[in-house]
Amino acid sequence: MLEVSDIHSFYDKSHVLMGVSLEVRDGELVTLLGRNGAGKTTTLKSIMGVVPPRSGRISFAGTEMTKMKSFQIARRGLCLVPEQRDIFSILTVEENLQIAKNKNSPWGIPDVYKLFPKLNERRQNPGNNLSGGEQQMLAIARALVNGPKLLILDEPTEGLAPVIVQEIVAILKDIKNTGIPVLLVEQNINVCEKLADRHYVLEQGRVVYSGTQEEFAANKAVKDRYLALQTN
Amino acid sequence: MTLYLFQVLNGLGLGMIYFLIAVGLSIIFGLLNFVNFAHGAFFLLGSYFCYQVVALTGNFWLSLLIAPVIVGAIAWFAESNLLNRVYNLPHAFQILITLGMALVIQESAIMVWGTVGKNIAVPDLLQGIVQMGDFAYPIYRLFVISFSAVIALLLWLLLERTRFGALVRAGSENTEMVSLLGVNIFKLFSITFGLGATLAGLAGVLAAPLRGADPFMGAEILGIAFVVVVIGGMGSFTGALVGGLLVGLVQSIMSSLWPPGVHLMIYGSMALVILIRPYGLFGRA
Ligand SMILES: Nc1ncnc2c1ncn2[C@@H]1O[C@H](COP(=O)(O)OP(=O)(O)O)[C@@H](O)[C@H]1O
Ligand SMILES: [Mg+2]
């Protein structure tokens with residue numbers, strides 16, 4: 001499905017990604033792990049064309065996307081739930097969903113309200129009235145109505161209360177079960193191990209480890225070496 | 001008393017024309033993040049196209065229909081062939097290009113229509129006055145107020161009740177996220193720029209029978225539009241409406257009370273608003 005091969009990305013002169021390669025296959029949930037500043041967000045932004053890589057290739061479903069603009073990449077079904085959530089604060093919940101709505105999506109607006117009943121209660125509230133958890137739910141709901149063929153999430157549980165984290169994990173499981181592949185950046189290893197088929201670990205702009213969930217679970221050394229352990 | 005009513009109505013008409021210009025300037029700034037220095041020139045074009053259509057056909061209504069559309073088309077063309085080449089450069093370049101557009105339009109107007117102003121007659125249907133008791137008021141000015149009010153309502157519905165409007169508001173907050181939803185943000189820029197220019201052109205047509213057309217009207221109105229937008233708040237529809245009406249009323253009432261103080265009062269109220277609310281009455285930080 002998604003193939004990233006040897007991409008190099010920069011912020012101005014600062015060289016952040018130094019040859020990242022990864023792959024997400026049909027129906028898979030893959031996580032991208034690594035410490036703060038490792039380059040996870042930059043990898044996602046490169047895939048989405050927000051920080052276009054200066055070299056390397058990215059393709060999705062057999063189509064080369066390296067030279068495409070963000071909106072063209074998004075139209076091919078790559079939906080990003082960004083780290084900052086980026087809910088439109090002056091738009092209501094309903095409007096946030098309406099501008100994202102894509103008639104080819106299997107999820108309509110009523111479907112995501114069923115998935116997130118809290119959003120239904122808040123549908124006429126502006127985005128800046130939502131709690132952190134509600135914003136995250138809206139960001140995921142917005143991606144779903146946008147018709148994802150690959151869902152990409154950047155730390156969706158960051159800063160949220162444990163109950164809400166559980167709720168989001170359950171939703172991600174449901175989404176995975178519909179067969180849509182997911183690329184997930186996450187610091188919470190518990191969450192990752194519950195959901196993922198495979199893992200990549202990024203360190204200073206390079207992939208330093210990749211393995212299946214079974215391999216990763218058994219490999220304490222990788223976790224000790226590259227990840228700030230969070231086992232709550 | 002009737003003198004004040006007269007001035008208040010004049011102020012409303014003037015204010016609605018200011019609103020039509022300022023709202024486009026404000027929306028363009030909100031979404032595209034630069035001040036469009038060509039906005040006054042679009043107003044000027046509206047007035048001259050009105051003059052030209054009336055001179056050729058004698059039909060003001062035709063000019064009301066087509067002049068704003070032509071102005072919008074010119075702006076759309078300039079945006080998608082000039083401005084869109086510099087969106088990856090600092091905003092100073094975008095401002096410079098709109099300033100260049102303003103000068104080209106103004107000088108072209110002088111070449112085509114000369115430096116002497118042109119008069120445009122009030123259309124037959126709207127000539128004369130309405131008489132209410134001992135109060136008389138020109139029909140055309142009432143038409144300007146009510147027609148602009150209808151346009152303002154339609155524009156409000158467009159911005160607040162349609163997907164296009166929601167995209168403009170969303171884009172004013174975060175263009176990158178709008179692109180990530182699969183929206184061609186550059187197309188949204190073009191449409192918005194064209195829409196703003198169309199409104200300025202419409203204001204130019206409505207103002208033509210009141211003040212005529214001259215090559216320097218663009219620069220003059222741009223100054224007032226800045227004041228309106230600063231008072232109302234950049235990017236705000238309500239701000240442009242309230243700011244436009246405020247400036248129109250102040251200008252009209254002051255010109256009967258104390259004519260030399262008109263500009264003092266206008267800039268004074270702007271300074272006051274900046275002191276109390278630096279982002280304008282309806283602006284956001
Ligand atoms: N907008 C930016 N401009 C310059 N440097 C940046 C920017 N965003 C991130 N960086 C740098 O790029 C590196 C990778 O950042 P990021 O991809 O956000 O890491 P992660 O998501 O893994 O925490 C860091 O060193 C960070 O300081
Ligand atoms: Mg990050």
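Summed over segment A:71-87, the residues that are more than 15 Å from the chain's Cα centre (by Cα) and within 16 Å of ligand 1 (Cβ to nearest atom) give a count of 0. Of the strands (runs of 3 or more DSSP E) lying entirely inside segment A:113-226, not one is found with 3 or more residues being aliphatic (A, V, I, L, M) and more than 16 Å from ligand 2 (Cβ to nearest atom).
Restricting segment A:154-167 to residues that are away from chain B (no Cβ under 13 Å) and within 16 Å of ligand 1 (Cβ to nearest atom), the residue that is nearest to A:Val4 (Cα to Cα) is A:Glu155.
Within segment A:161-196, the set of residues being among the polar types (S, T, N, Q) and touching a residue at least 40 places away in the same chain (Cβ under 8 Å) comprises A:Thr178, A:Gln187, A:Asn188, A:Asn190. If you go through segment A:49-99 and keep only what is part of a loop (DSSP other than H, G, I, E, B), hydrophobic (A, V, I, L, M, F, W, C) and either at the interface with chain B (Cβ under 8 Å from one of its Cβ atoms) or within 16 Å of ligand 2 (Cβ to nearest atom) (or both), you end up with A:Val50, A:Val51, A:Phe88, A:Ile90, A:Leu91, A:Ile99.
Give segment A:25-70 a look and list any residue that's within 16 Å of ligand 1 (Cβ to nearest atom) and in contact with a Gly (Cβ under 6 Å, 6 or more places away or on another chain), or say none. Across segment A:25-70, the qualifying residues are A:Gly39, A:Lys40, A:Ser70.
Among the residues making up segment A:1-38, those that are within 16 Å of ligand 2 (Cβ to nearest atom), open to solvent by 10 Å² or more (accessible area, probe 1.4 Å) and not aliphatic (A, V, I, L, M) are A:Tyr11, A:Ser14, A:Arg35, A:Asn36, A:Gly37. Scanning segment B:75-84 for residues that are of a type in the set (A, V, I, L, M, F, W, C) and open to solvent by less than 70 Å² (accessible area, probe 1.4 Å) returns B:Ala75, B:Ala78, B:Leu83.
Among the residues here, A:Gly211 does not qualify as small (Gly, Ala, Ser), surrounded by fewer than 20 Cβ atoms within 10 Å (Cβ to Cβ) and within 23 Å of A:Lys114 (Cβ to Cβ).
For (1) among the small types (Gly, Ala, Ser); (2) within 22 Å of A:Ala74 (Cα to Cα); (3) within 11 Å of chain A (Cβ to nearest Cβ), each residue gets a yes or a no:
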residue: B:Phe135; (1), (2), (3): no, no, no
residue: B:Phe143; (1), (2), (3): no, no, no
residue: B:Glu173; (1), (2), (3): no, yes, yes
residue: B:Leu181; (1), (2), (3): no, yes, yes
residue: B:Phe186; (1), (2), (3): no, yes, yes
residue: B:Gly201; (1), (2), (3): yes, no, no
residue: B:Ala207; (1), (2), (3): yes, no, no
residue: B:Ala213; (1), (2), (3): yes, no, no
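Scanning segment A:13-24 for residues that are within 13 Å of ligand 1 (Cβ to nearest atom) and within 18 Å of the chain's Cα centre (by Cα) gives A:Leu17, A:Val20. Among the residues of segment B:245-285, just one is closer than 15 Å to B:Val228 by Cα and among the charged types (D, E, K, R), namely B:Arg277. Looking across A:Gly132, A:Gly147, one residue alone is more than 11 Å from every other protein chain (Cβ to nearest Cβ) and under 28 Å from A:Leu33 (Cβ atoms). It is A:Gly132. Would you confirm, using the coordinates I've provided, whether B:Leu202 is closer than 13 Å to B:Ser47 by Cα and among the aliphatic types (A, V, I, L, M)? So B:Leu202 fits the description; yes. For segment A:100-112, the set of residues classified as within 14 Å of chain B (Cβ to nearest Cβ) and in a helix (DSSP H, G or I) consists of A:Ile109 only.
Applying the set (1) outside any helix (DSSP H, G or I); (2) within 23 Å of B:Ala149 (Cα to Cα) to B:Gln251 leaves exactly one unmet item: (1). Listed by first and then second residue, the pairs with beta-carbon distance under 7 Å, at least 6 apart or on different chains, first residue in segment B:85-107 and open to solvent by less than 40 Å² (accessible area, probe 1.4 Å), second of a type in the set (S, T, N, Q), are B:Val86/B:Gln94; B:Thr98/B:Asn36.
The values are calculated or read from the model by the stated rules, or taken from the named source; none is laboratory data. These numbers come from a predicted model, not from an experiment. Here the Cβ is made from the backbone with ideal geometry for all residues, glycine too, and neighbour counts use every protein chain on show. With ligands, DNA and RNA removed, areas are computed over all heavy atoms of the protein, side chains included. Shrake-Rupley method; radii C 1.70, N 1.55, O 1.52, S 1.80 Å.
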